[in-house]
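The structure under discussion appears below in the form of structure tokens.
The values are calculated or read from the model by the stated rules, or taken from the named source; none is laboratory data. Keep in mind that what you see is a predicted model, and the values were worked out from it rather than measured. Note: ideal-geometry Cβ built from the backbone for every residue, glycine included; neighbour counts use all protein chains shown. These accessible areas exclude ligands, DNA and RNA; they are computed on the full protein's heavy atoms, side chains included. Shrake-Rupley method; radii C 1.70, N 1.55, O 1.52, S 1.80 Å.
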Amino acid sequence: MSTEQGSTLSAAADPGLGPPGRAVTEFPEPRALDSHGPARIIAMVNQKGGVGKTTSTINLGAALAEAGRRVLLVDFDPQGALSAGLGTNPHELDVTVYNVLMDRKVTVHDAIRHTAIENIDLLPANIDLSAAEVQLVNEVAREQVLDRALRKVADDYDVILIDCQPSLGLLTVNALTAAHGVIIPLICEFFALRAVALLVETIEKVQDRLNPRLQIDGVLATMYDARTLHSREVIARLVEAFGDKVFETVIKRTIKFADATVAAEPITSYAANHSGADAYRNLAKELISRGGAP
């Protein structure tokens, strides 16, 4: 067996190690922070649904919180899945991110809720947010409304993660305008690859016209099944297209993520010793090592 083949097999066999054919790095434990803020803002974006955006936002946030980072999770999807995944009933909320965007009398502090998870706060959303896409069209500097809101709490957190809706509309552009970086969760299927070119084009337009500081922090392969040639081929294509932008950490397909969602917990607490929890802890370490989080 050649060295390259051995690397491929060992990486494919381990759920937290990444893409086949690439060397695996041992990322250091994150250093303790002496102080908190200002936050680095990261948008979790993919216009395709069902790729693991919300799951990755919750679990990466939880892993960063475990590492002593203060984290704000922003639900920017009218479906409210992130809010529900943290134990909040979106339909019972009176004040959400929608009110923060559309009502000048409502501040972001009014809407932020503490969660049961240490070091994690939530800016929730519900179906009301779907109206913002239409209403923002008439606003001055409509692409920068979320940016103005988050600026008021940036000093309170180390990382702000924005869970975007599966669309490239005005809400997603708001998230990209507010963000320093983008993480693109991508399911290991060929159909998912086809949509990425349009997303990258949108990111480049936002960089050019609205937010020059924006950068792609990484592409995260999700729902990876090491047993299938298909998953390994998709990873190979990703590495071919994005090179080092592809995170070494890959997220393996497992029912434990669905179980944790039903329990309204991140997998890091629901099944702390599961390989899926270890994968997100490894992702947090990789993100910090890359400079994507403090």
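Could you go through the range 199-204 in sequence order and give the Karplus-derived ³J(HN,Hα) for each residue, using 6.51 cos²θ - 1.76 cosθ + 1.60 with θ = phi - 60°, rounded to whole Hz, and x for Gly and Pro?
5, 4, 4, 5, 4, 5
Can you tell me which lysines have their Cα less than 23 Å from the Cα of LYS105? Leave out same-chain residues fewer than eight positions away.
List returned: LYS152.
Return P(r) of the range 141-294 (all Cα-Cα pairs; 10 Å bins starting at 0; whole %; ordered from short to long distances).
10, 34, 38, 17, 1
Compactness ratio of the range 78-197: Cα Rg over 2.2 N^0.38 Å, N = residue count? Mind showing how you got there, number by number?
Details: Rg = 14.7 Å, N = 120, 2.2 N^0.38 = 13.6 Å.
Cα-based Rg divided by the globular estimate yields 1.09.
Mind giving me the nanometre distance, one decimal, between the label points for HIS230 and VAL262, set 7 Å out from Cα along Cα→Cβ?
Computed distance between label sites HIS230 and VAL262 equals 2.5 nm.
Whole number in Å², please: accessible area per residue of the chain, 1.4 Å probe, ligands, DNA and RNA not counted. Intermediate values should be presented prior to the final figure.
Values: 13080 Å² over 294 residues.
In whole numbers, the chain has 44 Å² accessible per residue.
Ignoring ligands, DNA and RNA, what percent of the 1.4 Å accessible area of the range 96-199 is carbon and sulfur? Mind showing how you got there, number by number?
Working: 2250 of 4440 Å².
Answer for the range 96-199: carbon and sulfur cover 51 percent of the accessible area.
When the Karplus curve 6.51 cos²θ - 1.76 cosθ + 1.60 is applied with θ = phi - 60°, which whole-Hz ³J(HN,Hα) does each residue of the range 148-154 get, with x for Gly and Pro?
5, 5, 6, 4, 6, 10, 4
Which of the following values of Rg and Dmax of the Cα atoms in Å was calculated from the structure shown: [x] 18.3, 66; [y] 19.3, 57; [z] 23.4, 69?
[x]
Of all beta bridges DSSP finds with both residues in the chain, what is the antiparallel percent, to the nearest 5? If you can, show how the numbers build up before the last one.
Values: 2 of 29 bridges.
Of those bridges, close to 5 percent are antiparallel.
Distance in nm between label sites at ALA241 and ALA141, each 7 Å beyond Cα in the beta-carbon direction?
Using points 7 Å along Cα→Cβ, the separation is 3.4 nm.
Which one of ASP208, ASP156, ASP75 has the biggest mean-square fluctuation once the chain is modelled by GNM with Cα springs under 10 Å?
Answer for the Gaussian network model of the chain: ASP208.
For the range 163-294, compute the number of Lys pairs whose alpha carbons are separated by less than 24 Å, excluding pairs fewer than 8 positions apart on the same chain. Mind showing how you got there, number by number?
Working: LYS205/LYS245; LYS245/LYS285; LYS252/LYS285; LYS256/LYS285.
Going through the range 163-294 pair by pair, I get 4.
Report, in deg cm²/dmol and to the nearest 500, the calculated mean residue ellipticity at 222 nm for the chain, where each DSSP H run with n ≥ 4 adds -39500 (n - 2.57) and the sum is divided by the residue count. Could you put the intermediate results ahead of the total?
Values: 13 runs with 123 residues, N = 294.
Theoretical 222 nm ellipticity from helices: -12000 deg cm²/dmol.
Among LEU101, ALA258, PRO28, which residue has its Cα furthest toward the positive end of the charge dipole of the chain, with +1 on Lys/Arg Cβ and -1 on Asp/Glu Cβ?
PRO28
Quick one: which residues, 5 or more positions from ILE41 or on another chain, have an amide H under 5 Å from its amide H? H modelled 1.01 Å from N in the peptide plane, none for Pro or chain starts.
The list, which skips near neighbours in sequence, is ILE160, HIS180, GLY181.
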